[in-house]
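Below is one structure, written out as structure tokens, with a few remarks after it.
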Amino acid sequence: QVQLVESGGGLVQAGGSLRLSCAASGRTFSNYAMGWFRQAPGKEREFQAVISWSGANTYYADSVKGRFTISRDNAKNTVYLQMNSLKPEDTAVYYCAADTFVGRLYYRVDAYDYWGQGTQVTVSS
């Protein structure tokens, strides 16, 4: 029903910035929450940020507060993750995700039905 495609990953030095994009196609709804997760080698997929299509509410993982910003462009059906002050520990594959009525469980992987293929972010020290 919904297809998600991430882009914008790459290799940056510590302290640098990247802007990830997630383009949605197929059936979309105004009340879809859009989230960003990341997964480093050997680790579980971890919540980073979420934004609601029906409002301006945003929530962030403690590890990225003040450094990452999630935003949306509804005309383009696209969600962004602006990543500043990147650290080597930010190195991971970053995934976008979507679902309706995520609610208070927005930080859980199983709260989302739709996932993109991921984009690699590598931060060198």
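The values are calculated or read from the model by the stated rules, or taken from the named source; none is laboratory data. Please read all numbers here as calculations on a predicted model, not as lab measurements. Note that each Cβ is placed from the backbone with ideal geometry, even for glycine, and that neighbours are counted across all protein chains shown. The protein model used for the area step is the full one, side chains on, heavy atoms only, and it has no ligands, DNA or RNA in it. Shrake-Rupley method; radii C 1.70, N 1.55, O 1.52, S 1.80 Å.
For the stretch 66-125, report the accessible area per residue in Å² (1.4 Å probe, heavy atoms, rounded to an integer).
So the stretch 66-125 comes to 51 Å² accessible per residue, rounded to a whole number.
Give me the percent of DSSP beta bridges within the chain that run antiparallel, rounded to the nearest 5.
90 percent
Considering only the other residues whose Cβ falls under 14 Å of the Cβ of residue 4, what net charge follows from Lys and Arg at +1 and Asp and Glu at -1?
Result for the neighbourhood of residue 4: 0.
How high is the relative contact order of the chain, given as a whole-number percent (alpha carbon pairs under 8 Å, six or more residues apart)?
Answer for the chain is 35 percent.
Ignoring any ligand, DNA or RNA, what whole percent of the accessible area of the chain comes from carbon and sulfur when the probe is 1.4 angstrom?
Using a 1.4 Å probe with all protein chains present, the chain comes out at 47 percent carbon and sulfur.
If you wrap a convex hull around the alpha carbons of the chain, what volume per residue comes out, as a whole number of Å³?
Considering the Cα atoms of the chain, their hull volume per residue is 93 Å³.
If you wrap a convex hull around the alpha carbons of the stretch 31-90, what volume per residue comes out, as a whole number of Å³?
It is 91 Å³ per residue.
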